[in-house]
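Engineer: The structure follows.
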Amino acid sequence: MNTLAEKYPQDIKRILAKYPPEQKRSAIMPLLFLAQRETGQVSPEAVQEIASMLAVSTTEITSVMGFYTLFHDHPGGRYRLQVCHDLSCALNGAETFLEQLCRHLGIEEGQTTSDGLFTIEAVPCLAACDKGPVFQLQGDGEIVYYEKQTLESAKALLETLRQRAAGEVTP
Amino acid sequence: MSDMAMLNSGAENPVDEMVLLRHRNIPDIDQLSVYLSNGGFAAFEKAVREWAPAKVTEEVKASGLRGRGGAGFPTGMKWSFLPDKIWPHYVVANADESEPGTFKDREIMEKNPYQFLEGLMIAAYAVQAGTAYIYLRGEFWPVAQKLDACIAELERAGLLGSNLLGSSYSLRLYTHLGAGAYVCGEESALLESLEGKMGQPRLRPPFPAVAGLYNKPTLINNVETLTNLPPIIKNGAAWYRGFGTEKSPGVKIFSLSGRVKRPGNYELPLGATFRHLIYDLGGGIPGGRPIKAIMPAGASSSLIKASDVALDTAMDYEAVATLGSTLGSASVIVLDDTVNMKWLLQKTLAFFRHESCGKCTPCREGTYWMSLIADRMASGKGRSDDAALLGSVAGQIKGKCLCPLGEFSLTAVQTALSLFPEDFAA
Ligand SMILES: Cc1cc2nc3c(=O)[nH]c(=O)nc-3n(C[C@H](O)[C@H](O)[C@H](O)COP(=O)(O)O)c2cc1C
Ligand code: SF4
Ligand code: FES
């Protein structure tokens, strides 16, 4: 497997340039995001590499990873659908939407479909409270908002993503 | 009419010419050329070319601008706390925006990014910081992409970099993403996070103004606060005081959500009434149902029981306090008569339990137990003394938390129990 330094030399340079040279530790979170860009999870090798790059211990990296909910050390689906179930959205049908979506995919909240494509997660407020039900789609190195969702619109999106995945030749 | 068209039509919003949400008046203002041709960066230029840093601070003090991140602290005064014997100074824009019900900073950054960046640059000039960071919640990755592109554009245009506008002042801006933790909106936790650590609040003093990022003097301001600066510097403090009230001058973005027909962001002078926002602009409650309560500051609010007096209260820092609540970041969540307070507390407490950083026991254990009790009450398995138990746990935590998050978890609990006892009758 390629190291981060081999894969992303430009990105790493750009990230490190943001912080004073004696405060490299600030680069932990940006580098963790970089490490999980492709696969959605941070591998133990990447943790090692970041630790030595920034001259901190691996324990420090893993404790940072553990604190924040957006870092993952275990595989999820290729696409994570993070549905807001917080107050304002819940007042506008988000809980029903979440339930329907889970039923449609045949999984429970927090689980991944058996084909490994989709994980559904209930998350706190996404700062789109006037446009609920809303979810964020994380996958393929991107994060995209989907607002004012219905089961129908979400189904259509899932279908598009399925086709995108099927259309690719696996290496 | 589509929602956007509705929000755009001047008649819907009494401030015809927006001060902050200028993209609703001027299409494509997120393009640098359009922003520039509409007076963009005139304020920054005026500050750097003609004004000493202290004069900028004095003007902001005179404007009466208060922090829009929640606490309402006078902005100019905060700037003057940075000691001029310790260098370098840093400025951090707080773009964590994670309070349930709050969605104003995202609209500013997505639609009117240059005004926000210009504001950040003015603040940085005023405290003579050479580096400023924008700390965005991790979910705002697409917003950070956009800001990065804007920053690159400003560098190309010579508005960011070394020796700006022929002066000796140099400035660089960088975005930094958080990774899913509400507590990182609290300024000292935010700084820990920016330093690559777990986002747990620091003991204070020292305050960030003296020992902040990398132990250096640091100014932290909310995105909306900063976005007010270009018009203030350009048009003057007296002009800004033409909006709002004596003690709460200026304009504010109200994020309206919950059980209301037309949710959205509304820019209004401080001091507009709840009735105006919820009924005239928001269209009232779907199905014409009665309004039950208002949460003026998102999930952290003390509840306001709806009444004619409450609805006719001015939304400014002082008047909302007379209702036993706070304006906070003005995230107005509307609850109608179908909302049961057990359900509401289940929701808010699940949030605070999830977001407690675990550093201090009262908050960590308290939010856990309160959430557990609220869950069983909401699911109909409550015990007869659960409401009393909930109130007593809340009482035990009060005043014992290291940061305000712990206290925020109590406000809805205590006000729901006292204002709506009928919802908890066993
Ligand atoms: C738990 C908690 C969460 C907060 N979240 C935010 C936030 O998301 N955005 C923000 O600007 N301020 C937030 N604040 C307030 C900040 O600590 C700080 O007061 C503010 O950024 C100062 O900027 P201002 O003076 O411009 O308002 C939060 C405070 C607490 C205690
Ligand atoms: S009050 Fe809660 S969030 Fe704040 S420091 Fe204590 S445990 Fe952390
Ligand atoms: S409550 Fe769902 S986005 Fe804010």
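The values are calculated or read from the model by the stated rules, or taken from the named source; none is laboratory data. This one's a predicted model, so the numbers in the text were calculated from it and none came from an experiment. Please note: Cβ atoms are built from the backbone with ideal geometry, for glycine as well, and neighbour counts cover all protein chains shown. All accessible areas refer to the heavy atoms of the entire protein, side chains included, with ligands and DNA or RNA removed. Shrake-Rupley method; radii C 1.70, N 1.55, O 1.52, S 1.80 Å.
Engineer: Calculate what fraction, in whole %, of the accessible area of the range B:341-423 sits on carbon and sulfur atoms when a 1.4 Å probe is rolled over the protein chains.
Structural biologist: 57
Engineer: While we're on this one: Across the range A:65-76, in residue order, what do the Karplus-derived ³J(HN,Hα) couplings come to in whole Hz, using 6.51 cos²θ - 1.76 cosθ + 1.60 with θ = phi - 60° and x for Gly and Pro?
Structural biologist: Values, residue by residue: 4, x, 6, 9, 7, 8, 9, 10, 10, 10, x, x Hz.
Engineer: What fraction, in whole percent, of alpha-carbon pairs in the range A:4-67 exceed 17 Å separation?
Structural biologist: Tail of P(r) above 17 Å: 32 percent of Cα pairs.
Engineer: Checking buried surface per residue: for the range A:28-67, which residues lose a minimum of 20 Å² accessible area in the protein assembly relative to the chain alone (1.4 Å probe)?
Structural biologist: At a threshold of 20 Å² (probe 1.4 Å), the residues of the range A:28-67 that become less exposed are A:29, A:33, A:63, A:64, A:67.
Engineer: Please compute the contact order of chain B in relative form: average sequence separation of alpha-carbon pairs under 8 Å and at least six residues apart, divided by the residue count, as a percent.
Structural biologist: Once normalised by length, the contact order is 16 percent.
Engineer: Label residue B:289 and residue A:5 with points 7 Å out from Cα along Cα→Cβ: what is the distance between them in nm?
Structural biologist: 6.0
Engineer: Give the ranking of A:26, B:307 by solvent-accessible surface, highest area first, calculated with a 1.4 Å probe.
Structural biologist: Largest to smallest exposure gives the sequence B:307, A:26.
Engineer: With the calculation restricted to Cα positions, what are the radius of gyration and Dmax of the range B:220-334 in angstrom?
Structural biologist: Rg and Dmax of the range B:220-334, Cα atoms, are 14.3, 45 Å.
Engineer: Is the C-alpha gyration tensor of the range A:89-148 telling us rounded, prolate or oblate? Criteria: a/c under 1.5 is rounded; beyond that, a/b larger than b/c is prolate, otherwise oblate.
Structural biologist: oblate
Engineer: For residue B:234, what accessible area in Å² do you get when you roll a 1.4 Å probe over the heavy atoms of the protein chains, rounding to the nearest 10?
Structural biologist: Accessible surface of residue B:234 is approximately 90 Å².
Engineer: If you don't mind, there's one more thing I want to ask. What FRET efficiency comes out for residue B:279 versus residue B:207 if R0 is 45 angstrom and r is the Cβ-Cβ distance? Round to the nearest 0.05.
Structural biologist: 0.65
Engineer: Right, here's the next one. Do you know which residues of the range A:116-150 lose at least 30 square angstrom of accessible area in the protein assembly compared with their chain on its own, with a 1.4 angstrom probe?
Structural biologist: Listed by number, the residues meeting the 30 Å² cut-off are A:124, A:125, A:127, A:129, A:130, A:143, A:145, A:148.
Engineer: I would also like to ask the following. Can you tell me which aspartates and glutamates have their Cα less than 20 Å from the Cα of residue B:46? Leave out same-chain residues fewer than eight positions away.
Structural biologist: B:58, B:59, B:118, B:155
Engineer: Report the calculated FRET efficiency for residue B:246 and residue B:81 (r = Cβ-Cβ distance, R0 = 25 Å), to the nearest 0.05.
Structural biologist: Using R0 = 25 Å, I get an efficiency of 0.55.
Engineer: For chain B, what is the mean residue ellipticity at 222 nm derived from helices alone (per DSSP H run of n ≥ 4: -39500 (n - 2.57); sum divided by total residues; nearest 500 deg cm²/dmol)?
Structural biologist: -11500 deg cm²/dmol
Engineer: Hydropathy first: keep DSSP H helices in chain B averaging at least 0.5 on Kyte-Doolittle, then drop any whose Cα extent along the axis falls short of 18 Å, and list what survives.
Structural biologist: Sorted by number, the helices that extend far enough and score high enough are B:113-126, B:404-419.
Engineer: Return the subset of B:55/B:234; A:131/B:347; B:305/B:398 for which the Cα-Cα distance in this structure is over 20 Å, preserving the input order.
Structural biologist: B:305/B:398
Engineer: Assuming a ≥ b ≥ c are the square roots of the Cα gyration tensor eigenvalues, decide whether the protein assembly as shown counts as rounded (a/c under 1.5), prolate (otherwise, with a/b larger than b/c) or oblate.
Structural biologist: Since a/c stays below 1.5, the shape of the protein assembly as shown is classed as rounded.
Engineer: Running a GNM on chain B with Cα contacts under 10 Å, which residue among B:412, B:306, B:93 ends up with the highest mean-square fluctuation?
Structural biologist: Checking each option, the largest mean-square fluctuation is seen for B:306.
Engineer: So, one more: Measuring from label point to label point, each 7 Å out along Cα→Cβ, what is the residue B:42 to residue B:338 span in nm?
Structural biologist: It is 5.0 nm.
Engineer: Next question. Straight-line reach only, C-alpha to C-alpha below 12 angstrom: list the aspartates and glutamates that residue B:111 could link to, leaving out same-chain residues fewer than 8 apart.
Structural biologist: B:28, B:30
Engineer: By accessible area of protein heavy atoms, probe 1.4 Å, what ranking do B:347, B:247, B:61, B:216 get, highest first?
Structural biologist: B:247, B:61, B:216, B:347
Engineer: How would the range B:341-423 be classified by its alpha-carbon gyration tensor: rounded, prolate or oblate, with rounded meaning a/c under 1.5 and the a/b versus b/c comparison settling the rest?
Structural biologist: prolate
Engineer: I need the phi-derived Karplus couplings for the range B:236-247: 6.51 cos²θ - 1.76 cosθ + 1.60, θ = phi - 60°, integer Hz, Gly and Pro marked x.
Structural biologist: Rounded to whole hertz, the list is x, 4, 5, 4, 4, 5, x, 9, x, 10, 4, 8.
Engineer: Which value in nm describes the separation of the simple spin-label points at residue B:384 and residue B:365, placed 7 Å from the Cα toward the beta carbon?
Structural biologist: Each label point is offset 7 Å from its Cα along the Cβ direction, giving 2.8 nm.
Engineer: What does the buried accessible surface come to for B and A, summed over both chains, with the probe at 1.4 Å? Round to 100 Å².
Structural biologist: 3800
Engineer: In a Gaussian network model over chain A where Cα atoms closer than 10 Å are linked, find which of A:90, A:27, A:127 has the largest mean-square fluctuation.
Structural biologist: Greatest mean-square fluctuation among the candidates belongs to A:127.
Engineer: Give the calculated FRET efficiency between residue B:372 and residue A:162 to the nearest 0.05, with a Förster radius of 30 Å applied to their Cβ-Cβ distance.
Structural biologist: The pair residue B:372/residue A:162 has a calculated efficiency of 0.15.
Engineer: Rolling a 1.4 Å sphere over the protein heavy atoms, what is the accessible area per residue of the protein assembly as shown, to the nearest Å²?
Structural biologist: Per residue, the protein assembly as shown has 39 Å² of solvent-accessible surface.
Engineer: Give me the three principal axis extents of chain A from the C-alpha atoms, as integers in angstrom, largest value leading.
Structural biologist: 50, 40, 25
Engineer: Another one. Hey, could you pull the Cα Rg and Dmax for chain B, both in Å?
Structural biologist: Rg then Dmax for chain B, in Å: 21.7, 73.
Engineer: Another question, then. Can you run the Rg to Rh ratio on the range A:51-91? Use alpha carbon positions and the Kirkwood inverse-distance Rh.
Structural biologist: 1.18
Engineer: Which whole-number percent gives the relative contact order of chain A, counting Cα pairs below 8 Å spaced six or more residues apart?
Structural biologist: Once divided by the residue count of chain A, the mean separation gives 19 percent.
Engineer: Considering only protein heavy atoms and a 1.4 Å probe, what is the carbon-and-sulfur percentage of the accessible area of the range A:52-171?
Structural biologist: Percent of accessible area from carbon and sulfur atoms in the range A:52-171: 50.
Engineer: Excluding residues on the same chain fewer than 8 positions from residue A:13, give the lysines whose Cα lies under 22 Å from its Cα.
Structural biologist: Hits, sequence-local ones excluded: A:24, B:146, B:197.
Engineer: Which residues of the range B:336-360 bury at least 30 Å² of accessible area once all protein chains are present, versus their chain alone (1.4 Å probe)?
Structural biologist: B:343, B:347, B:351, B:354
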